[in-house]
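Novice: Please read through the structure below; I'll follow up with questions.
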Amino acid sequence: MRRCRIESLGVSLPRRRLRRWGSVRHAVEAGRRCLAASHYRPGDVEVLVNTGVYRDRHTCEPAMACYIQHRLGINVEFQGRRTASFDLLDGGVGMLSAAQVLAALVASGAASVGMIVASDANSDRQPDPGYTYPASGAAALLDISPRADVGFGGFAFETLSDRADLYTGGVSLAHRRGRVMLRRRAGLEEAFLEAATSAVAAVLERERTLRKDVDFVVPAQISPSFVGRLPAAISFPRHKVLDLTETMADTLSTSLFLALHQALRGGLVEPGKVVLLVACGSGITAGAALYRV
Amino acid sequence: MKVKIESLGVCLPEKAMTTEDLLSCCRRRPRLDLERITGIRERRVAEGKYAVDLAVAAARRALAMSRYRPEELGAIICTSISKHNRPDEFDLEPATAVRIAGAIGASRALAFDVVNACAGMITGIWVLEGLIRAGVVATGMVVSGEHNLPVVWTATREVRHSLDRQLAALTLGDAGAALILDHSEDERVGFHVLDLVTGAKHDHYCTSRPSARGPGGMLLTKARGLQIKGNQHFPAYLKQALDRTGWTLDDVNHLIPHQVSVRAIRKGVQAVEAYLGRELPGIVRCRAERFGNTTSTSHFVVLHELLRTGEAKAGDNLLLVGGASGIVIAHATLTLDDLPERYRAGLDGGR
């Protein structure tokens, strides 16, 4: 079975800009940086998956991945090499779900190079106060791992669908141009922790990996309280769990990969180390994946 | 390893609305004869039901004819475009697949949404095929519920003239469809080739978003441009899909195009005939005159009709041709197993 690895990462960090950047702009910036750091050219990308949830002008058709593919210049014409683009919506777990899908497509031989992009931005003129995510983008290029021991191991996802109403988001069409409405209800963090605990236990069991063999845990930086309570919930020592919540706000679908990018860039994770990726989002869904750098 | 359609479920709302009725609801009635131009006589409309209800109803029907129980499904992939799951609201979180999984009791399934405009279900099948072939899941469901009525109502309020870009929204209809896929024991049946390509340079032909003029969502289409651009490029991909399968047009029993409109399908057939330099045998299946354009579910609404009426038989070869805004061109070739018999038996049992 062919293993899949992250060949390069690119991010577009949230920051104040004179003109607000939309979701496509952030995704394209992250994508450009990802391609610049990669040894692949844009035309090599066979599958492009966008997992951003909140998008410019609340567009629901075509897939936002088409706009991103166009701006990144990835096989935009119907000639020569081809790219398949689509959106995958799974809230905060989107990038991890997309990684699983791409890993499966790579393993089954349907594709050999794929790219995941994510970005979230609220394009409302007067945003709903419940929407707290700063606009950001992240991109990851995945390909066939050249070494059998490098790349994604197993994935595990846990959905608590009976508690789906703890976190709901959508666009209200009662307003002209639509308006994002995001609702979080009490007990959300407990649900995240419960789902994350099950997902982590499932992936460790599936991969027959002991907690001591995992060198580092990179969680989505949901809140200081969530990241603070996570080590106890998943039975990992606190020093192994990456906490960037002091410097990084929660950015929904990009959060996990922004954190992973910081960890790799800061030298916290060296080659050969085993990383456990943990993401939580609406559903209530949590995802966990083992990755050997 | 091949992946096959183990079960199918389609939910068509009972209420039909004629094009004439719809046009008489328009605030400013366009002067052109929409029925003559599109060939769409009527479409089904779901009143008091929402996208997720249509999807759940279709999913339940698929499960009723399946040998799998809901908790055996490894993945639920929802491919709806129109996620109108509540009045005046468009759902983004949680994924509609989570709601469907909860409703049908698929407690152990991966649940996420794949959105790729009208090629959504074919994209969903492609993704699920990858997951099954990689051994991530053994079986799963691709499901879509399209509740396009809110977009149609916006068009009736906002269409201003005969060249209005919202006019295409008046061709839409509601439907739900669900497929259960698993691996095929027999290498001769199942999906042979699934081909998906996005020509993102043409991403401006068709967009859907909240209206800038008032409440509601709207669909803006440059129908003529989209048709011309699509017809220019899709025949070559169709030929490639046939070649990769090892078929010629004579091997195909049913060609199911995306049901944009009767006229668009006719133009598409002409484009294929011009490209291949031969006439298409009578294999093109069009049901747009009765159901309109049910967006992502359209191929499977037609397949449901073919199975129901006994036109499709075990061992028949199908070619699905998908076109979607983006522009996405999708092709799928498949051979049916004994699904037609099981499906008809299931329908009779259901009655």
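Novice: Which ones in segment B:150-204 are touching a His at 6+ places or on another chain (Cβ under 8 Å) and either among the hydroxyl-bearing types (Ser, Thr, Tyr) or part of a helix (DSSP H, G or I) (or both)?
Specialist: Selection gives B:150, B:200, B:201.
Novice: Could you check, for segment B:251-265, whether at least one of its residues is buried (at least 24 other Cβ atoms within 10 Å of the Cβ) and in contact with a Lys or Arg (Cβ under 6 Å, 6 or more places away or on another chain)?
Specialist: The answer is yes; a qualifying residue exists.
Novice: Of everything in segment B:67-83, what is more than 8 Å from chain A (Cβ to nearest Cβ) and farther than 19 Å from residue B:110 by Cα? Give them in sequence order. Full working, then the answer.
Specialist: Just the residues of segment B:67-83 that are more than 8 Å from chain A (Cβ to nearest Cβ), to begin with: B:67-80.
Answer for segment B:67-83, where residues must be more than 8 Å from chain A (Cβ to nearest Cβ) and farther than 19 Å from residue B:110 by Cα: just B:67.
Novice: Shifting gears a bit: Please give the number of the condition residue B:303 fails out of (1) farther than 24 Å from residue B:37 by Cα; (2) within 14 Å of chain A (Cβ to nearest Cβ).
Specialist: Unmet condition: (2).
Novice: Next question, about the same structure. Look at segment A:29-70 and say how many of its residues are charged (D, E, K, R) and more than 18 Å from residue B:198 (Cα to Cα).
Specialist: Start the filter on segment A:29-70 by keeping residues that are charged (D, E, K, R), which leaves A:29, A:32-33, A:41, A:44, A:46, A:55-57, A:61.
Imposing the further condition that a residue be more than 18 Å from residue B:198 (Cα to Cα) reduces the set to A:29, A:32-33, A:55-57.
Result for segment A:29-70: 6.
Novice: Turning to a different aspect of this structure: Within segment B:67-89, which residues are buried (at least 22 other Cβ atoms within 10 Å of the Cβ) and more than 25 Å from residue A:157 (Cα to Cα)? Walk me through how you get there before you give the answer.
Specialist: Applying the first criterion (buried (at least 22 other Cβ atoms within 10 Å of the Cβ)) to segment B:67-89 yields B:73, B:75-84.
Across segment B:67-89, the qualifying residues are B:82, B:84.
Novice: For residue B:173, state whether it is touching a Lys or Arg at 6+ places or on another chain (Cβ under 6 Å) and among the small types (Gly, Ala, Ser).
Specialist: Values: touching a Lys or Arg at 6+ places or on another chain (Cβ under 6 Å): yes; among the small types (Gly, Ala, Ser): yes.
Here the answer is yes, as residue B:173 does meet what is asked.
Novice: Same structure again: In segment B:209-240, what residues are over 21 Å from residue B:257 (Cβ atoms) and either part of a loop (DSSP other than H, G, I, E, B) or in contact (Cβ under 8 Å) with a residue 24 or more places away in the chain (or both)? Walk me through it before giving the result.
Specialist: Going through segment B:209-240, the residues over 21 Å from residue B:257 (Cβ atoms) turn out to be B:209-218, B:220.
Passing the criteria: B:210, B:211, B:212, B:213, B:214, B:215, B:216, B:217, B:218, B:220.
Novice: Listed residues A:41, A:32, A:71; which is free of Cβ contacts under 8 Å to residues at least 24 places away in the same chain, more than 7 Å from chain B (Cβ to nearest Cβ), surrounded by fewer than 24 Cβ atoms within 10 Å (Cβ to Cβ) and over 30 Å from residue A:164 (Cα atoms)?
Specialist: Details: A:32 fails: free of Cβ contacts under 8 Å to residues at least 24 places away in the same chain; A:71 fails: free of Cβ contacts under 8 Å to residues at least 24 places away in the same chain.
So the residue among A:41, A:32, A:71 that is free of Cβ contacts under 8 Å to residues at least 24 places away in the same chain, more than 7 Å from chain B (Cβ to nearest Cβ), surrounded by fewer than 24 Cβ atoms within 10 Å (Cβ to Cβ) and over 30 Å from residue A:164 (Cα atoms) is A:41.
Novice: Can I ask one more? Just to be sure I understand the filter: pairs with C-beta atoms under 9 Å, separated by 6 or more residues or on different chains, first member in segment A:168-179 and closer than 24 Å to residue A:90 by Cα and more than 7 Å from chain B (Cβ to nearest Cβ), second member part of a loop (DSSP other than H, G, I, E, B) and of a type outside the set (Asp, Glu). Which pairs pass?
Specialist: A:179/A:126; A:179/A:127; A:179/A:173
Novice: Looking at B:43, B:31 in this structure, which one is closer than 27 Å to residue B:266 by Cα and out of contact with any helix residue (DSSP H, G or I) (no Cβ under 9 Å at 6 or more places or on another chain)? Quick ask: steps written out before the conclusion?
Specialist: Details: B:43 fails: out of contact with any helix residue (DSSP H, G or I) (no Cβ under 9 Å at 6 or more places or on another chain).
The match here is B:31.
Novice: Let me ask another. Can you tell me which condition residue B:153 does not meet? The list is (1) within 30 Å of residue B:316 (Cβ to Cβ); (2) touching a Cys at 6+ places or on another chain (Cβ under 9 Å), and all the others hold.
Specialist: All conditions pass for residue B:153, except number (1).
Novice: Return the total of residues in segment B:98-119 being assigned to a helix (DSSP H, G or I) and within 8 Å of chain A (Cβ to nearest Cβ).
Specialist: Of the residues in that region, 4 qualify.
Novice: Something else: Take the residues of segment A:46-62 that are touching a Ser or Thr at 6+ places or on another chain (Cβ under 6 Å) and buried (at least 24 other Cβ atoms within 10 Å of the Cβ): which is nearest to residue A:179 (Cα to Cα)?
Specialist: Once the filter is applied, the top-ranked residue is A:55.
Novice: A further question on this structure: How many of the residues in segment B:169-192 are surrounded by fewer than 21 Cβ atoms within 10 Å (Cβ to Cβ) and over 26 Å from residue B:333 (Cβ atoms)?
Specialist: Final tally of qualifying residues: 0.
Novice: I'd like to know if segment A:279-292 contains one or more residues that are among the basic types (Lys, Arg), away from chain B (no Cβ under 14 Å), over 22 Å from residue A:135 (Cα atoms) and assigned to a strand (DSSP E or B). So that I can check it myself, show each step before the final result.
Specialist: Initial filter on segment A:279-292 (among the basic types (Lys, Arg)): A:292.
So of that shortlist, the ones also away from chain B (no Cβ under 14 Å) come out as A:292.
From what is left, the residues that are over 22 Å from residue A:135 (Cα atoms) are A:292.
From the residues that got through so far, the ones that are assigned to a strand (DSSP E or B) too are A:292.
Yes, the conditions are met somewhere in segment A:279-292.
Novice: Going through segment A:238-287 one residue at a time, which ones are among the β-branched types (Val, Ile, Thr) and either buried (at least 21 other Cβ atoms within 10 Å of the Cβ) or touching a residue at least 12 places away in the same chain (Cβ under 8 Å) (or both)?
Specialist: Narrowing segment A:238-287 to residues among the β-branched types (Val, Ile, Thr): A:241, A:245, A:247, A:251, A:254, A:269, A:274-275, A:278, A:284-285.
Listed by number, the residues that qualify are A:241, A:245, A:251, A:254, A:269, A:274, A:275, A:278, A:284, A:285.
Novice: Looking at residue A:290, is it at pLDDT 95 or above, over 30 Å from residue B:91 (Cα atoms) and buried (at least 18 other Cβ atoms within 10 Å of the Cβ)? Break it down stepwise before answering.
Specialist: Numbers: at pLDDT 95 or above: yes; over 30 Å from residue B:91 (Cα atoms): yes; buried (at least 18 other Cβ atoms within 10 Å of the Cβ): yes.
Answer is yes for this residue.
Novice: Looking only at segment A:101-120, which residues are at the interface with chain B (Cβ under 7 Å from one of its Cβ atoms) and surrounded by 24 or more Cβ atoms within 10 Å (Cβ to Cβ)?
Specialist: At the first step, the residues of segment A:101-120 found to be at the interface with chain B (Cβ under 7 Å from one of its Cβ atoms) are A:101, A:104-105, A:107-108, A:110.
Selection gives A:101, A:104, A:105.
Novice: Now, a different point. Residues in segment B:262-275: is at least one within 14 Å of chain A (Cβ to nearest Cβ), outside any loop (DSSP other than H, G, I, E, B) and touching a residue at least 24 places away in the same chain (Cβ under 8 Å)? Working first, answer last.
Specialist: At the first step, the residues of segment B:262-275 found to be within 14 Å of chain A (Cβ to nearest Cβ) are B:271, B:275.
Pick out the ones that are also outside any loop (DSSP other than H, G, I, E, B) and you get B:271, B:275.
When the remaining residues are screened for being touching a residue at least 24 places away in the same chain (Cβ under 8 Å), the result is B:271, B:275.
The answer is yes; a qualifying residue exists.
Novice: Given the conditions (1) without any contact (Cβ under 8 Å) to a residue 12 or more places away in the chain; (2) within 9 Å of chain B (Cβ to nearest Cβ), which single one is not true for residue A:17?
Specialist: Failed condition: (2).
Novice: For segment B:1-87, please list each of the helices (runs of 4 or more DSSP H) lying entirely inside it that holds at least 3 residues being touching a residue at least 24 places away in the same chain (Cβ under 8 Å) and more than 20 Å from residue B:103 (Cβ to Cβ). Lay out the reasoning, then the answer.
Specialist: On the way: elements: B:19-25, B:34-38, B:51-64.
Of the helices (runs of 4 or more DSSP H) lying wholly inside segment B:1-87, those with at least 3 residues that are touching a residue at least 24 places away in the same chain (Cβ under 8 Å) and more than 20 Å from residue B:103 (Cβ to Cβ) span B:19-25, B:34-38.
Novice: Restricting attention to segment B:157-208, which residues are farther than 30 Å from residue B:20 by Cβ, within 12 Å of chain A (Cβ to nearest Cβ) and not charged (D, E, K, R)?
Specialist: Just the residues of segment B:157-208 that are farther than 30 Å from residue B:20 by Cβ, to begin with: B:178-204.
Next, from what is left, pick out any that are within 12 Å of chain A (Cβ to nearest Cβ): B:183, B:191, B:193-204.
B:183, B:191, B:193, B:194, B:196, B:197, B:198, B:199, B:200, B:202, B:204 - these are the residues of segment B:157-208 that are farther than 30 Å from residue B:20 by Cβ, within 12 Å of chain A (Cβ to nearest Cβ) and not charged (D, E, K, R).
The values are calculated or read from the model by the stated rules, or taken from the named source; none is laboratory data. As the structure is a computational prediction, the values presented were derived from the model and not from experiment. Quick reminder, even Gly has a Cβ in these numbers, built from the backbone with ideal geometry, and neighbours come from all protein chains shown.
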